[in-house]
Structures are given as structure tokens and as C-alpha cells.
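Enquirer: This is the structure I have questions about; it appears just below.
The values are calculated or read from the model by the stated rules, or taken from the named source; none is laboratory data. If you're wondering where the values come from, they're calculated on a predicted model, not measured in any experiment. Cβ: placed from backbone, ideal geometry, glycine included. Neighbour counts: every protein chain shown.
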Amino acid sequence: MAKLYFKFGAMGCSKTAQALITKFNYEENGIKVLLLKPAIDNRDGAKIVKSRIGLQNEAVPVSENENICETYEKHYSDCKVIIVDECQFLSPEQVDQLADIVITKDIPVLCFGLSTDFTTHLFPGSKRLFEIAESIKEIKSVCTCGAKATVNARLDENGKIVTEGSQVCLGGNERYIAMCRRCWLKRLALERK
């Protein structure tokens, strides 16, 4: 029986690399995979999913109001697995659409993404995945102190932590750092003196 999977972690925990490795493993066994990514994530190009370690693959961008069920049915119904990178940027409705595909088509949907933003609040897509996914797995990453990283700290142009602004601000290692909550709070207190 197919399931809706949510694999989440902080920045830098290799979510995208794991998504691409999973895609490769399915395809190596002759199973056609649909790789999706929210169109808002255009850091590496509109149709490219790329990991920090250099793995990359072409993906189908999903626009903000796109109905994923309709797109799948019209263009990709021969795919027997769906993998979504940066799933935190999906709307709750789009997550529900993926869940519908799992049930009606009996194909697995694997979503990879962040759970929380730079203010430690859930992204709407991630919140919905926590509510309805049949399998939820954390991909762990480590803070510089050695503790588990849980905070995606956003940095300004001077390297100081930012706690206000738009929830979505694309960037990589130059813009974000994964930290444990203890180090994040300590650094915030020092920077605000």
C-alpha cells in the first residue's frame, strides 16, 4: 500500500541529495519517477533540483496555484512514484492533492523539505504534511557545537541573525546556517547587546 512520506530536517542535512538518490534507486529498478519542485525555488534554474554536493536532476516546477492532481493526470500518469523537493513551499491544498494521488492511484509520494522557517515557525506545506503524512522521518544535521540542529538561522549581509522578514527568502550556505536552539538563542542575545 502506497504512503505519503515526509522527510524533513534543518538546512544542510542533505534532504535534496537524499531525494535525488531515492529517485535514482527507483529508476535503477525500472520505475518511472516524477520529480517535482515548487516553482518559487529557482535558485538553480526553473527546472533543476541540485544538492550542495553537486547531485542534480531535471524537475517539473509546480506553480503556486497549480492543481497537482490535474497536472499528474494530464501529463505524468505513467509515473509510479512522485518525489517532491523543497515541499515546505507547497500550499496545504497541494499537499492534500498529493495525498489524494497516494490514495486514488496507489503510488508513493515522498516529500523532502524543511519543517520550520528562520523564526522557528512551521511552513504551511510542512504543517499539513505533519498532519496527514503516513510516514514522517527526520533527517538530522548538526550544529557547530555538536548538538542536533533544529533552527534555520537566516543571516543578513553582515552575518548577523535576522528574526524579521518574509517567510520565504531563498538562499544557501551564504544566507542560512543550521543551529541548535541553545546556540541560536545565545547568539541572538549576544548580537542584540
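Enquirer: With the requirement that a residue be at pLDDT below 80 and either aliphatic (A, V, I, L, M) or touching a strand residue (DSSP E or B) at 6+ places or on another chain (Cβ under 7 Å) (or both), what does segment 144-168 give you?
Expert: Result: Val168, single match.
Enquirer: What about Glu93, is it among the acidic types (Asp, Glu), closer than 24 Å to Ala59 by Cβ and out of contact with any helix residue (DSSP H, G or I) (no Cβ under 9 Å at 6 or more places or on another chain)? Show your work before the answer.
Expert: Working: among the acidic types (Asp, Glu): yes; closer than 24 Å to Ala59 by Cβ: yes; out of contact with any helix residue (DSSP H, G or I) (no Cβ under 9 Å at 6 or more places or on another chain): no.
It is false that Glu93 is among the acidic types (Asp, Glu), closer than 24 Å to Ala59 by Cβ and out of contact with any helix residue (DSSP H, G or I) (no Cβ under 9 Å at 6 or more places or on another chain).
Enquirer: Another question, then. Can you pull out the residues in segment 80-98 that are surrounded by fewer than 22 Cβ atoms within 10 Å (Cβ to Cβ) and either among the hydrophobic types (A, V, I, L, M, F, W, C) or within 22 Å of Gln18 (Cα to Cα) (or both)? If you could, list the steps in order and put the result at the bottom.
Expert: Residues of segment 80-98 surrounded by fewer than 22 Cβ atoms within 10 Å (Cβ to Cβ): 80-81, 91-93, 96-97.
Selection gives Lys80, Val81.
Enquirer: For segment 63-79, does any single residue satisfy the condition of being surrounded by 22 or more Cβ atoms within 10 Å (Cβ to Cβ), touching a residue at least 12 places away in the same chain (Cβ under 8 Å), in the same structural domain as Ala19 (by TED's automatic domain parsing) and over 16 Å from Lys15 (Cα atoms)? Reasoning before the result, please.
Expert: Going through segment 63-79, the residues surrounded by 22 or more Cβ atoms within 10 Å (Cβ to Cβ) turn out to be 68, 72.
This time we only want the ones that are touching a residue at least 12 places away in the same chain (Cβ under 8 Å), so: 68, 72.
Okay, now just the ones that are also in the same structural domain as Ala19 (by TED's automatic domain parsing), so 68, 72.
Of the ones still in play, those that are also over 16 Å from Lys15 (Cα atoms) are 68, 72.
Within segment 63-79, one or more residues are surrounded by 22 or more Cβ atoms within 10 Å (Cβ to Cβ), touching a residue at least 12 places away in the same chain (Cβ under 8 Å), in the same structural domain as Ala19 (by TED's automatic domain parsing) and over 16 Å from Lys15 (Cα atoms).
Enquirer: Something else: Filter segment 105-123 down to residues that are polar (S, T, N, Q) and surrounded by 17 or more Cβ atoms within 10 Å (Cβ to Cβ) and give me whichever is nearest to Arg182 (Cα to Cα).
Expert: Thr116
Enquirer: For the condition modelled with pLDDT of 95 or more and surrounded by 15 or more Cβ atoms within 10 Å (Cβ to Cβ), what is the one hit in Ser135, Ser141, Ser126?
Expert: Just one listed residue meets the conditions, Ser126.
Enquirer: Oh, and also: Determine, yes or no, whether Met1 is under 19 Å from Glu134 (Cβ atoms), at pLDDT below 95 and aliphatic (A, V, I, L, M). Can you show your working first?
Expert: Working: under 19 Å from Glu134 (Cβ atoms): yes; at pLDDT below 95: yes; aliphatic (A, V, I, L, M): yes.
Criteria met by Met1.
Enquirer: Quick one: which of Val102, Val49 is modelled with pLDDT of 95 or more and buried (at least 17 other Cβ atoms within 10 Å of the Cβ)? Please lay out each step first, then the result.
Expert: Numbers: Val49 fails: modelled with pLDDT of 95 or more.
The match here is Val102.
Enquirer: Can you tell me which condition Gly171 does not meet? The list is (1) small (Gly, Ala, Ser); (2) within 30 Å of Val33 (Cα to Cα); (3) exposed (fewer than 14 other Cβ atoms within 10 Å of the Cβ); (4) modelled with pLDDT of 85 or more, and all the others hold.
Expert: (4)
Enquirer: Further question on the same structure: From the set of residues in segment 53-77 that are among the small types (Gly, Ala, Ser) and at pLDDT 90 or above, which is nearest to Ile103 (Cα to Cα)?
Expert: Step one: list which residues in segment 53-77 are among the small types (Gly, Ala, Ser), which gives 54, 59, 63, 77.
This time we only want the ones that are at pLDDT 90 or above, so: 59, 63, 77.
Working: Ala59: 23, Ser63: 23, Ser77: 14 Å.
Among those that are among the small types (Gly, Ala, Ser) and at pLDDT 90 or above, it is Ser77.
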